[in-house]
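Chemist: Attaching a single structure in structure tokens format; questions to follow.
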Amino acid sequence: VQLKESGGGLVQAGGSLRLSCVVSGSTFSGDFMGWYRAAPGKQRELVASITSGGYTNYADFVKGRFTISRDDAKNTVLLQMNRLKPEDTAVYYCNRASSTESLLYTWGQGTQVTVSS
């Protein structure tokens, strides 16, 4: 399985970005997927998740600002990020939404999001 994230960039605080993750080589439609982020000096954390049925969950620090969605026909998971804050600066990754390392796919390279104040 390969994960390919894209859509990151440099944006001013209050701006928006839309991240995309294409998953290849798996039966994607059954996967519980998530977006994670890793800020400098911090552990990777789960930001948002979406079940195969479309149910979503968000970390408190992005609730109301980020929206996760999926397009199973395109094997794609999306993350719409609005009202970005400098503390959202991180490398963003997609993967299965699981705290069990053995259930995760090999991590992709991620996409850098930088929010300037």
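The values are calculated or read from the model by the stated rules, or taken from the named source; none is laboratory data. Please read all numbers here as calculations on a predicted model, not as lab measurements. When we count neighbours, we look across all protein chains shown, and the Cβ atoms used for this are built from the backbone with ideal geometry, even at glycine. The area values use the complete protein model at the heavy-atom level, side chains included, leaving out ligands, DNA and RNA. Shrake-Rupley method; radii C 1.70, N 1.55, O 1.52, S 1.80 Å.
Chemist: Need the full-extension length gain, Glu87 to Ser6, defined as separation in residues times 0.36 nm minus the C-alpha distance. One decimal, nm.
Modeler: 27.2 nm
Chemist: Please compute the contact order of the chain in relative form: average sequence separation of alpha-carbon pairs under 8 Å and at least six residues apart, divided by the residue count, as a percent. Kindly include the intermediate steps, with their values, before the conclusion.
Modeler: Working: 279 pairs, mean separation 42.7, N = 117.
Averaging sequence separation for qualifying contacts and normalising by length gives 37 percent for the chain.
Chemist: Same structure, new question: About its Cα centre, how strong a charge dipole does the chain have in debye, to the nearest 20, once Lys and Arg get +1 and Asp and Glu get -1 at the Cβ?
Modeler: Dipole about the Cα centre, nearest 20: 220 debye.
Chemist: For the chain, which span is the longest to avoid every loop-located (per DSSP) member of trypsin sites (Lys or Arg not before Pro) having at most 16 other Cβ atoms inside 10 Å?
Modeler: Numbers: sites that count: Lys42, Arg44, Lys63, Arg65, Arg83.
Looking at the chain, 1-41 is the longest stretch - no exposed trypsin sites (Lys or Arg not before Pro) with at most 16 other Cβ atoms within 10 Å.
Chemist: Can you give me the % of accessible surface on the chain that is carbon or sulfur? Probe 1.4 Å, all protein chains present, nothing else counted.
Modeler: Exposed carbon and sulfur together represent 48 percent of the surface.
Chemist: Give me P(r) over the chain, computed from all C-alpha to C-alpha distances, binned every 5 Å, as integer percentages.
Modeler: 2, 13, 25, 27, 19, 10, 4, 1, 0
Chemist: Another question, if that's okay. Skip the ligands, DNA and RNA, and give the accessible area per residue of the chain with a 1.4 Å probe, whole Å². Don't skip to the answer; put the middle values down first.
Modeler: Details: 6180 Å² over 117 residues.
Solvent-accessible surface per residue comes out at 53 Å².
Chemist: Report for the chain the percent antiparallel among DSSP-assigned beta bridges with both residues inside it, nearest 5.
Modeler: The antiparallel fraction comes to roughly 90 percent.
Chemist: By accessible area of protein heavy atoms, probe 1.4 Å, what ranking do Leu17, Leu103 get, highest first?
Modeler: Output order, biggest surface exposure first: Leu103, Leu17.
Chemist: Also, I was wondering about something else. Which value in Å is the Kirkwood Rh of segment 58-117 over different Cα pairs?
Modeler: About 13.2 Å for segment 58-117.
Chemist: Kirkwood hydrodynamic radius of segment 1-47 from all distinct Cα pairs, in Å?
Modeler: 12.9
Chemist: Whole-Hz ³J(HN,Hα) for each residue in segment 71-88, computed from phi via Karplus 6.51 cos²θ - 1.76 cosθ + 1.60 with θ = phi - 60°, x for glycine and proline: what do you get?
Modeler: Computed from phi, the couplings for segment 71-88 are 10, 5, 5, 10, 6, 10, 10, 10, 9, 8, 10, 10, 6, 5, 10, x, 6, 7 Hz.
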